[in-house]
Amino acid sequence: MTHHSLDLKVLPKDFLWGVATAAYQIEGATWANGRGCSIWDTYCRTPGKVYEAHNGDVACDHYHRWEEDLDLMKELGIDSYRFSVAWPRIFPRGCGEVEPRGLDFYDRLVDGILRRGLVPMCTLYHWDLPQELEDRGGWPERDVADHFADYAETVLRRLGDRLPLIVTFNEPYCICFNGYYNGSQAPGRKNLRLTHHAAHTLNRAHVLAMDRIRAYAPGAKAGIVMNTTLALPATDRPEDRVAAELLMDWEDRLFLDPLFRGRYPESLYRHVPESMPEIREGDLDPVRGEPDFFGLNYYFPSYVVADPTRPIPLRLVDAPAGPRTAMGWCIVPSGLTELLLRLRDEYAIETFYITENGSAWNDVLEDGAVHDEERQKFLVDHLGAVIEAVKQGVDVRGYYAWSVYDNFEWTFGFAKRFGLYYTDYPTQRRIPKDSARLYKRIVEEHRTENLSQRC
Ligand code: IFM
């Protein structure tokens, strides 16, 4: 097992060590107990969209195996489990009639998490928009925000008394840009105007949902999770520096500025005014929408050059030569420190969680073991980057590894493995990789460190 020399005592005593998942990626049972169809059910059935036409119908069968899965998390020694609620299990048609069996499932799940002494972090939206809402226009349509708020209220009326940590959205960038700009994820549309309108609905939905959270889960801390791009200029040329800033306006500040400042970046009105949404009174309210914490998902930075031929004059280029994961993503742990510092300084963010971080590798199961050296190194190096940010005064309260076990990696189907546990799909056995053992040891060492400091 990889050795580490992490300075764990730098982390707060009550630092939450966790793992994260999302409903469609693990649950399976997509037709069980009245669940409606989501945009991902549809996208997976659209020829050519998902690797070998894989889909989430069975996935990790977590819907039936959740008790064993929670036992596994307990055995891993973590403190907290970040999961998401599937909107189409609660409102099969997106709005209107509630499916009580959907609420019952998450009710049992939350009780099961608490019974094991784990802290639940609940994400309300991790990409599974009910298909009927997409058929009526999807996220670019203004009223989806109102339906989302009603869905949030329904979930919180049932679970709100037991949820200490609530997330409205996972990765607005992916929802809007992959869903409506480059079409690489569900619903697979490609239109700049729709993308910016989707962003506005989402930003407004966050504000509306925060009102409901305050009303129906008054004891909870609530926030949003973003995979904020760390945009780096590919060269030292001044125009590439400008392009990198512009990329952050487009992909990040499109969500961050409304959240913290109640407006959109001026550069977007300069370059693509016709694509920008109408803002009505009260849509973007940084007071009502103010998060208690910011969830950061970090995987890799983007490299940018200026490109005056494009409406937003920039272009992404390949990362410099260097190590890459099985996703082809470059590995830059220091980017995580840099991003935390930048976000804290630019938006005066007081409290962070790293709500996802992890890596996919071509794991080989041999004699019941997976010796995933690269994943262990990735884990240690990124935890080192978190520790460095904490040393520089950033308040990071927890780290959630993505993911507890291999699961449905969206357009890559089951071909990419991010888990600390290896999922043997034919038997649904979860087999600890060496990285799971390392993570467990790190968590234990941090606890021991705390105890010895108290003595
Ligand atoms: O699997 C995804 C997750 O759903 C959202 N964040 C990135 C992960 C790895 O691609």
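The values are calculated or read from the model by the stated rules, or taken from the named source; none is laboratory data. As the structure is a computational prediction, the values presented were derived from the model and not from experiment. Virtual Cβ from ideal backbone geometry, glycine too; neighbours counted across all protein chains shown. For the accessible areas, the whole protein counts, side chains as well, though only heavy atoms, and no ligand, DNA or RNA atoms are used. Shrake-Rupley method; radii C 1.70, N 1.55, O 1.52, S 1.80 Å.
Points to keep in mind about this one:
- Residues of type lysines that residue 221 reaches as a straight line, Cα spacing below 27 Å, ignoring anything fewer than 8 places off in the same chain: 9, 13, 74, 391, 440
- Equivalent ellipsoid dimensions for the range 378-455 as semi-axes, Å, which come from the Cα gyration tensor, largest first: 30, 17, 9
- Here the chain is treated as a sphere whose radius is the Kirkwood value from Cα pairs; by Stokes-Einstein at 20 °C and 1.002 mPa s it diffuses with a coefficient of 96 µm²/s.
- In the distance distribution for the range 68-186, Cα-Cα pairs more than 17 Å apart total 58 percent.
- Counting protein heavy atoms only, the chain has 50 percent of its accessible area on carbon and sulfur, 1.4 angstrom probe.
- Taking every protein chain into account, the accessible area of the range 168-304 amounts to 36 square angstrom per residue (probe 1.4 Å).
- Scanning the chain for GluC sites (Glu not before Pro) in DSSP loops with at most 15 neighbouring Cβ atoms within 10 Å leaves 98-277 as the longest stretch between them.
- Neighbourhood charge, 10 Å Cβ-Cβ cut-off, centred on residue 180 and excluding it, Lys, Arg +1 and Asp, Glu -1: +3
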